[in-house]
Amino acid sequence: MNKNEEILSRFSKESGYKVPEGYFEDFAKKMAASLPEREIKTEKATKWLRIRPYVYMAAMFAGVWCMMYLFNDMKGRTGSEYGYNEQLAEAMEDNQVARDVVDMSNIDDYDILQQMYEDNVDPSVFGDSSIN
Amino acid sequence: MLNKEKEEELVKRLQNPKECRQAFTEIISLYSEPLYWQIRKMVVSHDDANDLLQNTFLKAWSNIEYFRGEAKLSTWLYKIAINETISFLNKERQRQNESIDDDAFLVASLESDEWFDGDELQLELQRAIASLPEKQRLIFNMKYFDDMKYEDMSEILGTSVGALKASYHHAVKKIETFFKRN
């Protein structure tokens with residue numbers, strides 16, 4: 001036992017405080033009686049609450065459908081840019097434009113004929129001596 | 001202190017709106033005495049301790065939906081009681097222009113208090129305890145009078161076990177110095 005404990009050992013563990021007779025029993029009774037009422041929160045089952053899950057589900061399906069629609073639409077538009085372009089088709093009807101395009105790129109007659117044979121196009125239908 | 005099974009059962013009933021009130025009434029019966037003594041040793045006066053104990057249970061009752069059983073029920077109640085006590089002491093010190101490091105004014109009239117029947121030595125010990133800073137006083141009371149485990153004290157006060165041990169050691173040394181001087 002050290003010095004500090006020696007000093008404290010002179011005292012009992014009783015603090016010397018006391019309470020009125022039957023205080024704790026009375027306190028518990030009075031306290032329980034004075035507790036305010038608590039509101040029990042219950043949600044009233046309204047029409048909206050009943051149909052709410054179905055509305056959420058319908059909205060989810062509509063969202064998925066919209067996403068798929070937009071995705072397909074974008075895919076179609078991307079294909080059409082290269083598949084058919086009115087301005088390009090009109091310009092390519094002029095043989096001079098086609099020749100200028102060929103001249104500007106490093107494509108010679110042999111490359112063009114080879115591509116036409118690969119695409120099963122008969123070069124004679126064009127009736128242009130320069131590429132026959 | 002309750003055993004684990006009883007505490008779990010009480011917490012379950014607290015969360016059931018139909019059984020909540022009855023469960024809380026049981027809690028009042030179980031914890032009013034230990035909480036009262038904890039408060040009383042800090043504020044000294046029986047009437048003040050009685051008011052603070054009522055406030056503690058009212059606060060616990062109005063916040064019962066926030067208690068989900070993550071902490072022990074006793075820890076939660078002790079925390080509320082200690083917060084109430086500290087707020088009360090701060091107001092009292094402000095009212096009487098006293099410093100936080102010396103609550104001697106609390107025991108000034110202890111001799112004539114009808115709810116104190118301690119002998120001269122017990123009165124001297126209360127004076128020595130009142131001379132401690134607030135937190136040390138709280139720790140000393142929990143350890144010396146209630147023999148509370150440091151782990152439980154750590155949960156209630158939010159202080160590490162090491163710091164609590166050091167604080168208790170300092171409190172005991174100060175009490176020894178107090179008795180040497182007097």
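So, in the range B:141-158, exactly how many residues are more than 10 Å from chain A (Cβ to nearest Cβ) and in contact (Cβ under 8 Å) with a residue 24 or more places away in the chain?
So in the range B:141-158, the residues more than 10 Å from chain A (Cβ to nearest Cβ) come out as B:142-143, B:148-158.
Within this subset, residues satisfying the condition of being in contact (Cβ under 8 Å) with a residue 24 or more places away in the chain are B:142-143, B:152, B:155-157.
Adding up the residues that qualify gives 6.
Of the residues in the range B:16-26, how many are open to solvent by 40 Å² or more (accessible area, probe 1.4 Å) and under 25 Å from residue B:142 (Cβ atoms)?
1
Do we find a residue being open to solvent by less than 30 Å² (accessible area, probe 1.4 Å), acidic (Asp, Glu) and over 18 Å from the mean Cα position of the chain (by Cα) anywhere in the range B:157-180?
Yes, there is a match, as at least one residue in the range B:157-180 is open to solvent by less than 30 Å² (accessible area, probe 1.4 Å), acidic (Asp, Glu) and over 18 Å from the mean Cα position of the chain (by Cα).
Cβ contacts < 8 Å: first residue touching a residue at least 40 places away in the same chain (Cβ under 8 Å) and more than 10 Å from every other protein chain (Cβ to nearest Cβ), restricted to the range B:5-26; second residue among the hydroxyl-bearing types (Ser, Thr, Tyr) and open to solvent by 80 Å² or more (accessible area, probe 1.4 Å), any location; separation 6+ or different chain. Result?
Between residues of the range B:5-26 that are touching a residue at least 40 places away in the same chain (Cβ under 8 Å) and more than 10 Å from every other protein chain (Cβ to nearest Cβ) and residues that are among the hydroxyl-bearing types (Ser, Thr, Tyr) and open to solvent by 80 Å² or more (accessible area, probe 1.4 Å), there is no close pair.
Condition test on residue B:135, is it under 17 Å from the mean Cα position of the chain (by Cα), open to solvent by 10 Å² or more (accessible area, probe 1.4 Å) and assigned by TED's automatic domain parsing to the domain that holds residue B:31?
No.
Among B:13, B:93, which is more than 22 Å from residue A:33 (Cα to Cα), open to solvent by less than 50 Å² (accessible area, probe 1.4 Å) and not in a loop (DSSP other than H, G, I, E, B)? Steps first, answer last, please.
Working: B:13 fails: more than 22 Å from residue A:33 (Cα to Cα).
Checking each option against the conditions leaves just B:93.
Please go through the range B:37-77 and pick out each residue that is open to solvent by less than 20 Å² (accessible area, probe 1.4 Å) and not in a helix (DSSP H, G or I). Don't jump to the end; show me each part of the working.
Filtering the range B:37-77 down to residues open to solvent by less than 20 Å² (accessible area, probe 1.4 Å) leaves B:38-44, B:46, B:49, B:52-53, B:56-57, B:60-61, B:64, B:67, B:73-75, B:77.
Correct list: B:44, B:67.
Does residue B:147 satisfy the condition of being open to solvent by 20 Å² or more (accessible area, probe 1.4 Å) and within 18 Å of the chain's Cα centre (by Cα)?
Working: open to solvent by 20 Å² or more (accessible area, probe 1.4 Å): yes; within 18 Å of the chain's Cα centre (by Cα): yes.
Considered against the rule, which asks whether it is open to solvent by 20 Å² or more (accessible area, probe 1.4 Å) and within 18 Å of the chain's Cα centre (by Cα), residue B:147 comes out as yes.
Residues being modelled with pLDDT under 80, open to solvent by 60 Å² or more (accessible area, probe 1.4 Å) and aliphatic (A, V, I, L, M): count how many of those fall in the range B:98-122.
Result for the range B:98-122: 2.
The values are calculated or read from the model by the stated rules, or taken from the named source; none is laboratory data. Given the structure is predicted, the values throughout are model-derived calculations rather than measurements. Heads up, the Cβs are rebuilt from the backbone with ideal geometry, glycines too, and the neighbour counts pull from every protein chain shown. The accessibility values were calculated without ligands, DNA or RNA, using every heavy atom of the protein model including side chains. Shrake-Rupley method; radii C 1.70, N 1.55, O 1.52, S 1.80 Å.
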